[in-house]
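The values are calculated or read from the model by the stated rules, or taken from the named source; none is laboratory data. Just so it is clear, the model here is predicted, and its values are computed rather than measured. A quick note on method: Cβ atoms are made from the backbone with ideal geometry, for glycine too, and the neighbour counts reach across all protein chains shown.
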Amino acid sequence: MKTRLDILITDDDRAHRVMLKKLLNGWGYNVTEADDGLVAVEKVRKSSFDLILMDIRMTNVSGIEALEQIKQINADIPVIIMTAYASVETAVQTLKKGAYDYLTKPLDFDELQVSIARATEHSRLKKENEYLKEKLGEKFDRRNMIGQSPSMIKLLEVVEQVAATQATVLITGESGTGKEVIANAIHFNSARKNAPFVKINCAALTETLLESELFGHEKGAFTGADKRREGKFVQADGGSIFLDEVSEMSPAMQVKLLRVLQERELTRVGGHDVLKIDVRVIAASNKDLKKEIRDGRFREDLFYRLNVVTLDVPPLRERSEDIPLMAHAFLKMFAENNAKVIKGFTPQAMQKLASYSWPGNVRELMNAVERAVVLCRTETIGEEDLIFTMADQALSREVLSAGQKMPAASGNRSLEEIEKQSILEALQSCRGNKSEAARRLGITRKTLRKRLHKYEDGE
């Protein structure tokens with residue numbers, strides 16, 4: 001890893017170059033000199049620099065001309081312009097050409113040091129952001145997504161087709177099937193991938209808060225609105241917005257969302273200004289929206305606005321051939337996170353994973369593998385390390401009544417006994433941390449608290 005940054009000083013005043021070089025060397029930078037703009041351009045072609053200090057007035061090629069050429073070669077190098085002939089027009093011109101900052105001679109050394117630090121930090125953050133976006137793009141590349149079942153292969157093929165368009169997308173499927181992963185794949189494989197991708201869970205907020213979060217608000221719009229705030233739609237302008245659990249919107253919010261989708265414009269809460277937006281909408285629901293329409297809980301016109309392209313994510317029980325692939329991927333991830341050396345699953349453990357019904361889908365599988373990694377004391381996860389927990393007892397009974405099998409290790413124990421054992425083991429492994437135990441079990445802290453009260457009361 002590079003510890004000293006490389007700076008190119010470009011100035012036809014030799015005395016000034018020598019002074020700057022000595023100063024910057026003392027600050028810990030590696031310094032290269034150029035006595036003309038043309039020389040600087042050639043050095044940039046041959047070498048990589050972290051920053052350029054550039055004088056404007058030089059004999060052959062001016063700083064502004066050199067700046068233009070350098071930005072064509074490498075737009076990411078920050079350039080700080082120096083001049084003894086300061087003017088507002090010159091400053092504006094250089095900044096428009098891509099200069100990071102503009103300093104006047106004689107230089108204020110404190111100001112110079114701050115400007116260099118800010119420029120290099122800005123450059124570092126920009127590179128880091130581009131790297132993360134690239135990695136996200138790789139992560140959500142169709143080729144890297146886990147799934148070899150016919151249903152998933154077909155789904156991912158459609159995702160690839162849809163991503164290349166501007167169409168509004170509705171993703172349906174049971175809780176825990178990976179609807180958000182599909183939404184990510186659509187955005188990061190689209191032409192909008194370098195623009196913002198904003199997410200919001202419509203079920204997590206009250207109607208008032210949801211409206212403010214989506215559309216923003218003006219100062220004084222309601223109690224506590226001490227300043228103007230932009231909403232998620234404005235934040236996502238040029239990119240995509242993911243509306244998770246869109247079926248949970250109130251009728252009034254559905255009307256307001258419909259208007260935004262129709263008009264591609266919105267008004268902040270408490271405001272009058274109409275804001276034009278360019279946002280791709282990706283929505284998701286774990287409910288049957290057609291049934292919600294029949295029951296009067298969801299607007300039919302909004303449904304057809306969202307339902308331009310529908311992607312139905314199959315439940316895990318319908319694509320059992322994907323379970324081994326996903327289990328190994330989760331094992332690798334959680335083993336690394338917990339600094340544990342675990343090579344794989346025993347045949348019995350894998351059989352247990354493959355034969356389970358997974359009512360909580362991929363999310364439940366992920367939680368089960370994470371628990372197994374935490375509890376495992378050997379290099380291989382065994383059947384005894386796998387604990388399956390139902391997030392809701394009613395769901396458990398529904399599964400049982402449908403003729404689904406409980407895990408092989410359950411024996412003759414009741415569902416309640418299995419549940420109790422799983423919860424107590426999770427609490428023990430988390431040293432009594434209820435929030436962490438609930439997360440690993442795939443249930444809410446509230447549900448965990450109710451279960452513990454039940455055990456304490458001896459029910």
_Failed criterion for Ala327 (all others in (1) surrounded by fewer than 16 Cβ atoms within 10 Å (Cβ to Cβ); (2) part of a helix (DSSP H, G or I) hold)_ = (1)
*Is it the case that segment 377-387 has a residue that's over 18 Å from Pro315 (Cα atoms), β-branched (Val, Ile, Thr), modelled with pLDDT of 90 or more and out of contact with any strand residue (DSSP E or B) (no Cβ under 9 Å at 6 or more places or on another chain)?*
yes
*Considering only segment 353-364, how many residues are modelled with pLDDT under 90 and in contact with a strand residue (DSSP E or B) (Cβ under 9 Å, 6 or more places away or on another chain)?*
0
*Inter-residue pairs, beta-carbon under 7 Å, first part of a loop (DSSP other than H, G, I, E, B) and in segment 369-382, second modelled with pLDDT of 90 or more and buried (at least 17 other Cβ atoms within 10 Å of the Cβ), 6+ apart*: Cys376/Ile342; Glu379/Ile342; Gly382/Ala349
*How about segment 236-253: which of its residues are on the phi < 0 side of the Ramachandran plot and surrounded by fewer than 18 Cβ atoms within 10 Å (Cβ to Cβ)?*
Asp237, Ser250, Pro251, Ala252
*Taking Ala191 and the conditions (1) surrounded by 15 or more Cβ atoms within 10 Å (Cβ to Cβ); (2) not basic (Lys, Arg); (3) not in a helix (DSSP H, G or I), which numbered condition does it fall short on, given that it satisfies the others?*
(1)
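Rundown of residues vs (1) out of contact with any strand residue (DSSP E or B) (no Cβ under 6 Å at 6 or more places or on another chain); (2) of a type outside the set (Phe, Trp, Tyr), yes/no style:
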| position | (1), (2) |
| --- | --- |
| Phe197 | no, no |
| Gly220 | yes, yes |
| Thr223 | yes, yes |
| Gly239 | no, yes |
| Met249 | yes, yes |
| Gly271 | yes, yes |
| Lys276 | no, yes |
*Looking only at segment 237-268, which residues are of a type in the set (A, V, I, L, M, F, W, C) and over 27 Å from the mean Cα position of the chain (by Cα)?*
Ala252, Val255
*asked:* Just to be sure I understand, how many residues within segment 291-324 are in a helix (DSSP H, G or I) and farther than 30 Å from Lys256 by Cα?
replied: 8
*In segment 7-29, what residues are within 17 Å of Val79 (Cβ to Cβ) and either hydroxyl-bearing (Ser, Thr, Tyr) or surrounded by fewer than 16 Cβ atoms within 10 Å (Cβ to Cβ) (or both)?*
Thr10, Tyr29
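Quick grid of which residues meet (1) touching a Phe, Trp or Tyr at 6+ places or on another chain (Cβ under 8 Å); (2) part of a strand (DSSP E or B):
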| residue | (1), (2) |
| --- | --- |
| Gln148 | no, no |
| Met152 | no, no |
| Leu155 | no, no |
| Val158 | no, no |
| Gln161 | no, no |
| Ile171 | no, yes |
| Gly176 | no, no |
| Val181 | yes, no |
| His187 | yes, no |
*asked:* For segment 277-284, check the following and say yes or no: at least one residue is under 14 Å from Phe298 (Cβ atoms), in the same structural domain as Glu174 (by TED's automatic domain parsing), modelled with pLDDT of 95 or more and of a type in the set (A, V, I, L, M, F, W, C).
replied: yes
_Looking only at segment 57-72, how many residues end up being surrounded by 12 or more Cβ atoms within 10 Å (Cβ to Cβ) and either among the acidic types (Asp, Glu) or closer than 18 Å to Ser123 by Cβ (or both)?_
5
*Meets criteria (assigned to a loop (DSSP other than H, G, I, E, B) and in contact with a strand residue (DSSP E or B) (Cβ under 9 Å, 6 or more places away or on another chain)) for Ile342*: yes
